[in-house]
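Okay, structure first, notes after.
The values are calculated or read from the model by the stated rules, or taken from the named source; none is laboratory data. Being a predicted model, the structure only gives us computed values, none of them experimental. Glycine gets a Cβ as well: all are built from the backbone with ideal geometry, and neighbour counts include every protein chain shown. Heads up: the accessible areas ignore ligands, DNA and RNA and are worked out on the full protein's heavy atoms, side chains in. Shrake-Rupley method; radii C 1.70, N 1.55, O 1.52, S 1.80 Å.
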Amino acid sequence: HTTPLPPRAPSAARPTPSRGGEKKPLPPSLDVFGWCTWDAFYSKVTPEGVKEGLAELIRGGTPARFLILDDGWQSTDPDEQFRRPPEDDARSGVNASELAGGGVLEGDEYASSRLSSWTDLPARALVWWYKAVVDKAPFDSMPVRLWNWLTHNVIKHEMLRYFAEATDWSKRLTSILPNRKFVELITLVHDVKKDLGLEYAYCWHALTGYWLGVDPKSPGMKRYDPVIQYPCISPHFDYTPGMAQLEPTMLWNPSSFAGIGLIPPAKILVFFSELHQSLRDAGIDGVKVDAQAAITMLGVNYGGGAAITRAYVHAMEKSVKEIMGGNCINCMCHPIENLYSYKETNVARASDDFYPREPASHTVHVYNVAYNSLFLGELVQPDWDMFQSRHPAAGLHAAARAVS
């Protein structure tokens, strides 16, 4: 016979570092209509574009009272050997609406625009083989294993060049101050609040600073003692083999090639506090903190993924609470290590991105956010993400948000 298990303790009695959503205040920005710059501009956003977007919403009869200035305002650069003048970016001259989700120029489009010489034929053949074979092959199949070996041993430099010229994923944060486009961020925020009826302005940043963390060589980052840290997947470590099975592209992601510039947990509160204070001084009311899942793979020498995630999330929340009044949207944060660390913040994205060029993604998006919200709603207010209002699937997304 089997011994009956003791009754399960009520959830409130079980120790957890998080707090239920009903016990945490909600940001007042949730009560007004908002606009995010991401799908309109990606990282090509400019102050002029922000003003025009808000003005266009007023002309259309739906004035925004809440703005998220997404990726594109920060000071970032790829590693030194891949730095080029802005006009050399493969996306220069390409309208944001023509880019793939995430503001990316995809590999085949990059090959068409940049690999035009006969000497580039082998590279073009590899791009074709990846799209036609590797991308559709099962994990641990021979094509995937061969591609993984090639990217780390033969074409690693070329891969990093592509990421530097056609995406933002290999860039690191070089300063907590805005880039040259947004050097007058304080003026922009003042103007849109005064002239365009805006009540709340948020800025985007990644939990690690930027997509590939911070630049350890940058004078603006050295005081935080950053180090290059590799994710705990093959070929560096193999503590989480399931991650590669779920998302094989992590094996040839820029973080796997070049590591993430990581601020040690002992200094991360200083970083967040200085970053958030500089934004608050410019009139910013809150932050959208993205790419949070990445920290769960960076725990080697810091007590493991759960420990470093708690340290980062709690430091971020402390800074947001003290400086931004708790106004925060957590994003790309679905690992349990993240979700169970939220003690103060009370909003989190419930979905993957909105993908404007992938028709099959839209019903899946709505399906996912509805089901995810059943669980996430116990911890936070689920955010169903932005969408483009001028899009074939706009009606579906608008109806879903109306009942969310």
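A few points about this structure:
- Taking every C-alpha pair closer than 8 Å and separated by at least 6 residues, the mean separation divided by the residue count of the range 72-163 gives a relative contact order of 20 percent.
- Among residues other than Ala100 with Cβ under 11 Å from its Cβ, the summed charge is -4 (Lys and Arg +1, Asp and Glu -1).
- MRE, 222 nm, helices only [DSSP H, n ≥ 4, -39500 (n - 2.57), over the chain, to nearest 500]: -11000 deg cm²/dmol
- Of the accessible area of the chain, computed with a 1.4 Å probe over protein heavy atoms only, carbon and sulfur atoms account for 57 percent.
- On a per residue basis, the range 37-129 carries 49 Å² of accessible surface, using protein heavy atoms and a 1.4 Å probe.
- Scattering curve values for the chain, log₁₀ I(q)/I(0), Debye with Cα scatterers, q = 0.06, 0.08, 0.12 Å⁻¹: -0.25, -0.44, -1.04
- Set Lys51/Lys217; Lys193/Lys343; Lys136/Lys181; Lys131/Lys171; Lys194/Lys267 screened for pairs whose C-alpha atoms are more than 29 Å apart: Lys51/Lys217; Lys193/Lys343; Lys136/Lys181; Lys194/Lys267
- Considering only beta bridges that DSSP places wholly inside the chain, some 30 percent are antiparallel.
- Among residues other than Ile260 with Cβ under 13 Å from its Cβ, the summed charge is 0 (Lys and Arg +1, Asp and Glu -1).
- For the range 254-404, a Kirkwood hydrodynamic radius built from all Cα pairs, placed in the Stokes-Einstein relation at 10 °C and 1.306 mPa s, yields a translational diffusion coefficient of 95 µm²/s.
- One way to sum up the overall shape of the range 337-403 is the equivalent ellipsoid from its Cα gyration tensor, whose semi-axes run 24, 11, 10 Å, largest first.
- Long-range amide H partners of Ile176 with built H, under 5 Å: none
- Cα Rg over Rh - the range 31-156, Kirkwood: 1.09
- For the chain, a crude dipole built from +1 on the beta carbon of Lys and Arg and -1 on the beta carbon of Asp and Glu, taken about the Cα centre, is about 780 debye to the nearest 20.
- Gap separating the Cα centres of the range 26-100 and the range 183-236, nearest whole Å: 14
- Dividing the convex hull volume of the alpha carbon atoms of the range 108-209 by its residue count gives 194 Å³ per residue.
- Interchain or long-range residues, amide H under 5 Å from Ala201's placed H: Leu67, Asp285, Gly286
- Amide H contacts of Asp385 (H built 1.01 Å from N, in plane; Pro and chain starts excluded): Ala350 sit under 5 Å, all sequence-distant by 5 or more or on other chains.
- Whether the range 307-356 is rounded, prolate or oblate, judged on the alpha carbon gyration tensor where a/c under 1.5 counts as rounded: oblate
- Computed over the range 44-106, the convex hull of the alpha-carbon atoms projects to a mean area of 5.7 nm².
- Translational D in µm²/s for the range 212-338 (Stokes-Einstein at 4 °C, 1.567 mPa s, Kirkwood Rh from C-alpha pairs): 85
- Scattering curve values for the range 201-263, log₁₀ I(q)/I(0), Debye with Cα scatterers, q = 0.11, 0.18, 0.29 Å⁻¹: -0.30, -0.70, -1.16
- Sites count as exposed loop sites when they are GluC sites (Glu not before Pro), lie in a DSSP loop, and have at most 14 other Cβ atoms within 10 angstrom; the longest stretch of the chain without one is 185-377.
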